[in-house]
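A.B. asks: One structure, pasted below without further comment.
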Amino acid sequence: MSLNIDKSNFVIFHPPQKKINLVIKIKLCSKTLKELNSVKYLGVILDSNLNWKKHIHELTKNISRSIGVLCKLRHFVPSKILLQIYYSIILPFLTYGVVIWGNTYPTNIRPLVIIQKRAIRILSFSHFQAHTSHLFKKFNLLKFIDIIKLYTAIFMHQFHKGLLPKSFSDFFTPVCNRHRYSTRLASKSTFCLPQTRTNYGIFNIRFSGPKLWNSIAESIKSSSVFFVQKEI
């Protein structure tokens, strides 16, 4: 593939607490590339601080439009069809790439939590302030927080079973590889937690993934299949 210089930009990724004071200029074929604070790559908006606020903001707007469609149709189709529409035009926004951008500050994902509840209330013809826990159970749907946990666990299970591309081969370190002697943790399917002193590191998939995986019962981790939420 030849590089289209006119459409090329660059982003400097760094933790929010570390400011970049240098003026960096990159030239290709005598043309200066423009520095951006965020860029869209394969449907995911990558911002310079990797806090995913811009991506979540765009998702919220897209889901809001989908909810508008749902709201208009709910008076003309049965609830089963409404649920299929939810799976088709709302749920994909909440699941695509969620393993990466979903592991962030709870305040960042709160807009998606709120808008998903709004969709569930519309599905059930409930009051706009109605509690939603029983509605999620009624429709057999996962809350967004649980969607993040599910897809993170699936990612860890795929790593554990060697089903990920080779580029992920050393992404996580099993406890049994760290200790030369037998320990209670080493005998189980557990991974080492990398040392981190910041929230930036805690929300990284390399930390949040092993932390979630280590909390799962051994009987589930040893299963040959992880089941994704059943779709209608």
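A.B. asks: Report the calculated FRET efficiency for ILE145 and SER223 (r = Cβ-Cβ distance, R0 = 22 Å), to the nearest 0.05.
C.D. replies: 0.45
A.B. asks: Which pairs, out of LYS19/LYS149; LYS7/LYS54; LYS53/LYS166, put more than 28 Å between their alpha-carbon atoms?
C.D. replies: LYS19/LYS149; LYS53/LYS166
A.B. asks: While we're looking at this one, here's another question. For the chain, what does -39500 (n - 2.57) per DSSP helix run (n ≥ 4), summed and divided by total residues, give at 222 nm, in deg cm²/dmol to the nearest 500?
C.D. replies: -13000 deg cm²/dmol
A.B. asks: Net charge within 15 Å of LEU28 by Cβ-Cβ distance, Lys/Arg positive one each and Asp/Glu negative one each, not counting LEU28 itself?
C.D. replies: That works out to +3.
A.B. asks: Next question, about the same structure. Using the heavy atoms of the protein chains alone and a 1.4 angstrom probe, what is the accessible area of the chain per residue in square angstrom?
C.D. replies: 65
A.B. asks: Residues of region 41-64 with the amide nitrogen closer than 19 Å to a label point 7 Å from the Cα of ASN21, along Cα-to-Cβ, please.
C.D. replies: Backbone N within reach: none found.
A.B. asks: Could you tell me what percent of the accessible area of the chain is made up of carbon and sulfur, with a 1.4 Å probe and every protein chain present?
C.D. replies: 57
A.B. asks: Next question. GLU58: net charge of surrounding residues, Cβ under 13 Å, Lys/Arg +1, Asp/Glu -1, itself excluded?
C.D. replies: Every neighbour counted, the sum reads +4.
A.B. asks: Under 19 Å from the Cα of LYS31, which aspartates and glutamates turn up, not counting those fewer than eight places away in the same chain?
C.D. replies: Cα-Cα hits under 19 Å: ASP6.
A.B. asks: Next question, about the same structure. I want the local charge near LYS117. Using Cβ-Cβ distances under 12 Å, sum +1 for each Lys or Arg and -1 for each Asp or Glu among the other residues.
C.D. replies: +4
A.B. asks: Which value, in Å² rounded to 10, gives the accessible area of LYS19 with a 1.4 Å probe and all protein chains present?
C.D. replies: Rounded to the nearest 10, the figure is 150 Å².
A.B. asks: Given the C-alpha centroids of region 153-169 and region 4-41, what is the distance between them in whole angstrom?
C.D. replies: Result: 31 Å between the Cα centres.
A.B. asks: Please figure out what share of the DSSP beta bridges in the chain is antiparallel and state it in percent, rounded to the nearest 5.
C.D. replies: Percentage antiparallel, nearest 5: 80.
The values are calculated or read from the model by the stated rules, or taken from the named source; none is laboratory data. Just so you know, these numbers come straight off a predicted model, no measurement behind them. Backbone-built Cβ (ideal geometry, glycine too); neighbour counts: all protein chains shown. Accessible surface is based on the protein model in full, side chains and every heavy atom, while ligands, DNA and RNA are left aside. Shrake-Rupley method; radii C 1.70, N 1.55, O 1.52, S 1.80 Å.
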